[in-house]
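Down below is the structure, laid out as C-alpha cells.
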Amino acid sequence: MTTLALAVLGRGLVDPAEPLLRADDLALLRGQAAFETTRVYAGKPFRLDDHLARLSISAARMDLPKPDQEAFHELVLGAIELKRIEDASLRLVWTPGSSEGGGSVGFALFGAIPPGHEPLRARGMKVITLPIGVPYELRAKAPWILGGVKSTSYAANMAAIAEAERHGADDAIFLAENEIVLEGPKTNVWWRSGQTLFTPSLETGILAGITREVVLEAAPALGYEIAEGIYKRSQLAAAEEAFTSSSVRELMPVIQLDGAPLGDGRPGPAAAALQQALRRAAAEG
Ligand SMILES: Cc1ncc(COP(=O)(O)O)c(C=O)c1O
C-alpha cells in the first residue's frame, strides 16, 4: 500500500515514517488492537460513523478501552482537508497500549487505492474454499473466538489468502463444519440464483460488513430479493453468479470456485448493478 497520510489522535498529522507505538503495546505483543477499513470517495469517508461504531464494538469485545468516536471523526475529516485527500483507503486503528495501563493509540492511515482492483473486477476472481473446522453456531456463541470482530490478529486471514494464491486463485472463502459458507478473509460473500441474492446470515458469526449493509439496502430497488441464511458450499457452487463485498475492493465478481467455473464463468449482472449502486451511495455521501 502506498501511504498518503497518517493522523494520530491527540497529535494530528504525523510523518508516516515516524515510529508510533511503544514496544509493549498489546497491539504488537498480542494482536489485540481493533481496526476498521473504509474508503474515501471524492474527499468524503464512506459511512465513517458506521465504521467508528463497529470499531467501538470490536474494542468492547476485546475488553479494550472505548475509543473516542467523535475525536476519531474530527481527526479523519481534518486530515482529509489538510492533505487534500480525494480517493483513498482509510484504516482506523485503536490499540490497548501497555498491559501496565494507559498508552492507547488511535490513528488513521490513508493509502492509495491499489491499481489492480478494476482489472480484477473486469476479469472476475478465482476463489478457493478453505475449511476452518468449527460448527457455525460456535462462532456466534463463543465470544472468545472473536467471530465478527475486526482485530489486528488477522494473520490467519492473510495466510488463507496466501494459500489461495498458492493454488493460483485470487481469494478464499471460509467454510464452517459441514461445508457451511461463512465469509472471505476480508470480504462478505454473495451469490445469485434467478432474482434472489443469497448471503450467510450474521448468526454464522461473520463480520457485519458495512458494504454488505449497502447491498441489503440497494438490492430491492434493483429487482433482487435477499435471502440471508445458513447455506452449504454446494448451493454457492450451483449459483448463476457470485461476488464478494468489502469496503475498499467493493463488489468483486467470483468466476471460479475450487477450479470449476461458477455460473457461466464470467462476471455477472447483479455484481455490476450493485457496484454501480455502491458508487451512487458513495456519491450521495
Ligand atoms: C472478515 C471480514 N468479513 C467481511 C468484511 C467486509 O466488511 P466491510 O464491507 O465493512 O469492509 C471484512 C472487511 O475487512 C472482513 O475483514
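Summary of values
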quantity: Estimated 222 nm signal from helices in the chain, with DSSP H stretches of n ≥ 4 weighted -39500 (n - 2.57), rounded to 500; calculated: -9000 deg cm²/dmol
quantity: Cα long-axis angle, helix 69-83 against the chain (0 to 90 degrees, to the nearest 10); calculated: 90 degrees
quantity: Gyration tensor (alpha-carbon) shape descriptor, the stretch 103-246, a/c threshold 1.5; calculated: rounded
quantity: Projected label distance in nm at Arg11 and Arg279, using a 7 Å step from Cα toward the beta-carbon; calculated: 3.7 nm
quantity: Segment Thr196-Leu28, extension gain: residue separation times 0.36 nm, minus the distance between their alpha carbons; calculated: 56.2 nm
quantity: Gyration tensor (alpha-carbon) shape descriptor, the stretch 183-259, a/c threshold 1.5; calculated: rounded
quantity: GNM top mover of Val14, Val214, Val248 - the chain, alpha-carbon springs below 10 Å; calculated: Val14
quantity: Most fluctuating residue given options Glu225, Glu203, Glu100, as computed from a GNM of the chain linking Cα atoms under 10 Å; calculated: Glu100
quantity: Violating pairs (Cα-Cα greater than 23 angstrom) within the set Lys126/Lys186; Lys83/Lys186; Lys83/Lys150; Lys44/Lys83; calculated: Lys83/Lys186; Lys83/Lys150
quantity: Helix 269-284 vs. the chain, principal-axis angle (Cα, 0 to 90°, nearest 10); calculated: 30 degrees
quantity: Theoretical gain in end-to-end length, Lys232 to Arg166 [0.36 nm per residue, Cα-Cα removed]; calculated: 21.3 nm
quantity: For the chain: rounded, prolate or oblate by the Cα gyration tensor [a/c cutoff 1.5]; calculated: prolate
quantity: Spin-label model distance (nm) - Asp63 vs Met1, 7 Å beyond Cα toward Cβ; calculated: 2.8 nm
quantity: Dipole moment magnitude, nearest 20 debye, the chain about Cα centre, only Lys, Arg, Asp, Glu C-beta charged; calculated: 260 debye
quantity: Residues in the stretch 11-52 that a label on Ser98 would reach, taking backbone N under 12 Å of a point 7 Å out along Cα→Cβ; calculated: 22-26
quantity: Nearest 10 degrees, 0 to 90: helix 48-61 Cα axis against the chain principal axis; calculated: 80 degrees
quantity: Total charge dipole magnitude, the stretch 22-174, about the Cα centre, Cβ charges on Lys, Arg, Asp, Glu only, Debye to nearest 20; calculated: 340 debye
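Values in this text are rule-based calculations from the coordinates and carry no lab data. This structure is a prediction, so every number in the text was calculated from the model and none was measured. Glycine also receives a Cβ, built like all others from the backbone with ideal geometry; neighbour counts cover every protein chain displayed.
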